[in-house]
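The values are calculated or read from the model by the stated rules, or taken from the named source; none is laboratory data. The structure displayed is predicted, hence computed values, not measured ones. Here the Cβ positions follow ideal geometry from the backbone for every residue, glycine too, while neighbour counts run over all protein chains shown. Areas reflect the complete protein model, heavy atoms only, side chains present, ligands, DNA and RNA absent. Shrake-Rupley method; radii C 1.70, N 1.55, O 1.52, S 1.80 Å.
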Amino acid sequence: MPHAPSAPVSAPGKRPSFRERMNAMRNLPPFLRQVWQTSPALTLASLCLRLLRALLPVAMLYVGKLIIDEAVRLAGAGAMPPLGEALASGHLDTLLELLALELAIAIGSDLLGRVVNYADALLSELFTNATSVRLMEHAAELDLEDFEDPELQDKLDRARRQTMGRMNLMSQLLGQAQDMVTVISFAAGLVAYAPWLIALLALALVPAFLGESHFNTLGYSLNYSWTPERRQLDYLRQVGASVETAKEVKIFNLHRFLIDRYKLLAGRFYQANRKLARKRALWGTVLAALGTLGYYAAYAYIAWRTIRGDFSIGDLTFLSGSFLRLRQLLEGLLTGFSQVAGQALYLDDLFSFFAIEPEIRSRPDALPVPRPIREGFVFEDVGFRYPDAERWAVRHLDFRLGAGEVIALVGENGAGKTTLVKLLARLYDPDEGRILLDGRDLRDYDLDDLRANMGVIFQDFVRYHLSAGENIGVGQVDAMSDTARIRDAARRALADEVIDALPGGYGQLIGRRFKNGVDLSGGQWQKIAIARAYMRDAQVMILDEPTAALDARAEFEVFQRFKELSAQRTAVLISHRFSSVRMADRILVLADGRIEASGTHAELMAQGGRYAELFELQAAGYR
């Protein structure tokens, strides 16, 4: 089981400047384009419904003013007859019509709100799905080197989180557009009565806006700087509660160690969040009080004008209500603008991930892989070093892998065997030298076509929690429904007996992640994985220690079958068991990233070098 990560103290993240926050707003147009592309119909419906709903608050308030004025007029008209006579005489007709109109506006506003929420919910789900698909598609294009870079893992983690959490930004932007229309309508009413109230309102709200902007920036900085620790928290949750690690966690009594480590990291994150939330609440209260003070100053002025007779009672309610709503709306808009700027910073995480370009890709004029391969592969002084590594993984590799030849790679751990295979499959490109296929540089060929002609099973193969048939079918996804092909691949890999013993056969869900799944032993999983390689009609077959969980006899049977079925195919075998690799046409001995010796088993034994030494050590264990 991998070691649990250490618990470093998180360094404070770089706080984005005002210019950087404003620059982040450039992410909004592409974001809105993505929303529109997700569903133009839903986006347009949400916009139109919000526009209509934006006009209803001022209409409601103005109708309320008319109702109050009508009630005051009726009260001043003298004694009112009983209700029945008043209704019959028509005295209450205007008041009743106004009440019915306000009721209709209230019901319409509620209905529009529910329809808008419904449209937003659908659009949010579609956008999340579409962005998640785009994220997976882009991740599939990236280089293997990218996935082995911790910084890119942090960026991928942040992008994945933003995929799930950015649709509230869409609702917020559309909501702000709606509020802006409402603000304009309220402001028009206030300007008609007392224009200077607008200036008072703006001055009262500026401090709250600046404060909200400041704390949104601090929140982003905190989340950004804690990305590695949050990934560690996810890792600890996985290790502490998963079927893959349960045995070791129990045997070594690791649960307390993992829980304590989780508590330590989670506690630090909580303390940092609590400190920020406490400051935000304190200063938010102080700054919001300024806005409240401005409101009551305006309220006092409107009340005084009403006492003087300049305004009616209806005007008083309309103006005080308009000022209150306008203050709330402007405060929301300014705060929302600050939040949008903060959300735009998070969009940077998403779009910067999409901006990563793979280095290993097909050239515009890429060639198809020769069918059949006639000459094979040639490594010419090939050297490769992993990013940020001082030591060369392989260097000065010069050898030939002929068409139809089966070679085996042997050597101690770290000798460069798997790296050589990755170079052959073009998961990496050499830093020095070149690899030729039928006399052309490997980089001249179409990348997808090259990999489609290779059947590769690595030691750390993936255990897909799918059906047994699908676990094999993923080796050639366009043939997933070809039952005969899947069964033939299973037979070749000696996995048919394993699958036939399952309750559901090829349709049986395997793995313990989901209900009704049946788990397999390590050796059974490996036979399933080897069958994936046989799903492909590949010209090159590579087995990179995929039989480590099999006993010596089972591995020999698998390799013997592989040798028989690989006739006319180029093949590479990696194994630590010398009894298996000796069946290869040629054996390459790697040490410290270089080819130390090459030959058949008999030739290498006669040379008496490292191969003979390792063979004798292993053979001694069986005596």
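If I ask for residues that are open to solvent by 30 Å² or more (accessible area, probe 1.4 Å) and touching a residue at least 60 places away in the same chain (Cβ under 8 Å), which ones from segment 415-437 would you list?
Selection gives Thr418, Lys422, Leu427, Asp429.
One line per residue, one yes/no per condition, for (1) on the phi < 0 side of the Ramachandran plot; (2) out of contact with any Asp or Glu (no Cβ under 9 Å at 6 or more places or on another chain); (3) open to solvent by less than 60 Å² (accessible area, probe 1.4 Å); (4) of a type in the set (S, T, N, Q):
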| position | (1), (2), (3), (4) |
| --- | --- |
| Ala54 | yes, no, yes, no |
| Val72 | yes, yes, no, no |
| Asp93 | yes, yes, no, no |
| Glu102 | yes, yes, yes, no |
| Ser109 | yes, yes, yes, yes |
| Val115 | yes, yes, yes, no |
| Asp120 | yes, yes, yes, no |
| Leu123 | yes, yes, yes, no |
| Leu126 | yes, yes, no, no |
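Tell me which residues, restricted to segment 370-390, are assigned to a loop (DSSP other than H, G, I, E, B) and over 20 Å from Asp143 (Cβ atoms).
Those that are assigned to a loop (DSSP other than H, G, I, E, B) and over 20 Å from Asp143 (Cβ atoms): Pro370, Arg371, Pro372, Ile373, Arg374, Glu375, Glu390.
Scanning segment 391-439 for residues that are assigned to a strand (DSSP E or B) and of a type in the set (Asp, Glu), which turns out farthest from the chain's Cα centre (by Cα)?
The extreme case among them is Asp398.
Which count do you get for residues in segment 569-623 that are farther than 23 Å from Leu543 by Cα and modelled with pLDDT of 85 or more?
4
Residues are listed down the side, and each one gets a yes or a no for (1) over 24 Å from the mean Cα position of the chain (by Cα); (2) of a type in the set (Ser, Thr, Tyr); (3) modelled with pLDDT of 85 or more:
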position	(1), (2), (3)
Met25	no, no, no
Pro29	no, no, no
Trp36	no, no, yes
Leu49	yes, no, yes
Leu56	yes, no, yes
Leu61	yes, no, no
Glu70	yes, no, no
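Identify the residue in segment 128-139 that is closer than 25 Å to Leu44 by Cβ and in contact with a helix residue (DSSP H, G or I) (Cβ under 8 Å, 6 or more places away or on another chain) and, among all such residues, is least open to solvent (accessible area, probe 1.4 Å).
So, considering only residues that are closer than 25 Å to Leu44 by Cβ and in contact with a helix residue (DSSP H, G or I) (Cβ under 8 Å, 6 or more places away or on another chain), the one least open to solvent (accessible area, probe 1.4 Å) is Thr131.
Considering only segment 467-477, state which residues are buried (at least 17 other Cβ atoms within 10 Å of the Cβ) and in contact (Cβ under 8 Å) with a residue 12 or more places away in the chain. Quick ask: steps written out before the conclusion?
To start, the set of residues in segment 467-477 that are buried (at least 17 other Cβ atoms within 10 Å of the Cβ) comprises 467-473, 475-476.
Of everything in segment 467-477, those that are buried (at least 17 other Cβ atoms within 10 Å of the Cβ) and in contact (Cβ under 8 Å) with a residue 12 or more places away in the chain turn out to be Ser467, Ala468, Gly469, Asn471, Ile472, Gly473, Gly475, Gln476.
Of all residues in segment 339-374, how many are open to solvent by less than 60 Å² (accessible area, probe 1.4 Å) and modelled with pLDDT of 85 or more?
Initial filter on segment 339-374 (open to solvent by less than 60 Å² (accessible area, probe 1.4 Å)): 340-354, 356, 358, 360, 362, 366-367, 369-370, 373.
Then keep just the ones that are modelled with pLDDT of 85 or more; that gives 362, 366-367, 369-370, 373.
Summing the residues that are open to solvent by less than 60 Å² (accessible area, probe 1.4 Å) and modelled with pLDDT of 85 or more in segment 339-374 gives 6.
Filter segment 255-267 down to the residues that are open to solvent by 80 Å² or more (accessible area, probe 1.4 Å) and either touching a Gly at 6+ places or on another chain (Cβ under 9 Å) or at pLDDT below 80 (or both) and list them by number.
Answer for segment 255-267, where residues must be open to solvent by 80 Å² or more (accessible area, probe 1.4 Å) and either touching a Gly at 6+ places or on another chain (Cβ under 9 Å) or at pLDDT below 80 (or both): His255, Arg256, Phe257.
Tyr270: modelled with pLDDT of 75 or more and within 28 Å of His465 (Cβ to Cβ), yes or no?
Judged against the criteria, Tyr270 is not a match.
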